[in-house]
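Accompanying notes for the structure given below.
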Amino acid sequence: WTIPSQLGQLTELKDGLGLSNNLLVGEIPSELGRLYRLQNLLLGNNKLRGTIPLSLGSISQLRTLRLEANNLFGTMPSSVCAKFSRDFSTFYADCAEVDCPCCNFCCSDGSSECTCPFEETDPILCIP
């Protein structure tokens, strides 16, 4: 199964889109960037591949982004990192494959075991 691009038409969706743990394959559709009001985008623990779409930076209310345990690579778009709020955000990714300066939880080897790279310097960022 893939993530249908038509989900981007659910522009009134606010609280969250939870698709974690579904063995989804393919790329993250750029159309998800149309979910401007979405607060939580949960795509972790699938088999998604490719890069993270720049369009996710259009999700202005984004608070939680879970992309860990997939086959994503590249750099977290700066437009997505711009949504990171020190007080409200929780961003997860496989930081060995995805360069993610704004992720406060880094996972590795496709596992759900994640660490916080800010533990010693800024522990407040490590509270999920």
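The values are calculated or read from the model by the stated rules, or taken from the named source; none is laboratory data. From a predicted model like this one, the values you see are computed outputs, not experimental measurements. Positions of Cβ are backbone-derived with ideal geometry, glycine not excepted, and every protein chain shown enters the neighbour counts. Quick note on the areas: whole protein, heavy atoms, side chains included, nothing else; ligands and nucleic acids left out. Shrake-Rupley method; radii C 1.70, N 1.55, O 1.52, S 1.80 Å.
Taking 0.36 nm per residue of sequence separation and removing the Cα-Cα distance, the Asn22/Lys47 pair yields an extension gain of 8.1 nm. Once you reduce segment 70-108 and segment 1-67 to the center of their Cα atoms, the two points are 14 Å from each other.
Accessible area per residue for the chain, computed on protein heavy atoms with a 1.4 Å probe, is 54 Å². Each label was represented as a point 7 Å from its Cα along the Cα-to-Cβ direction; for Leu7 and Ala96 these points are 2.6 nm apart. Relative contact order of the chain, please, whole-number percent, based on alpha carbon pairs below 8 angstrom and at least 6 residues apart. Answer for the chain is 18 percent.
Solvent-accessible area of segment 25-79 (1.4 angstrom probe, protein heavy atoms only): carbon and sulfur portion equals 45 percent. In segment 53-107, the inverse of the mean reciprocal separation of distinct Cα atoms equals 11.0 Å; this is its Kirkwood hydrodynamic radius.
One quarter of the convex hull surface built on the alpha carbon atoms of the chain amounts to 6.7 nm², the projected area averaged over directions. Please name whichever of Asn104, Ile52, Cys114 sits farthest to the positive end of the charge dipole of the chain, dipole taken about the Cα centre and charges placed at Cβ: Lys and Arg +1, Asp and Glu -1. Of Asn104, Ile52, Cys114, it is Ile52. Sorting the segments 53-60, 67-74, 11-18 by their mean number of nearby beta carbons within 10 angstrom, highest to lowest, gives 67-74, 53-60, 11-18.
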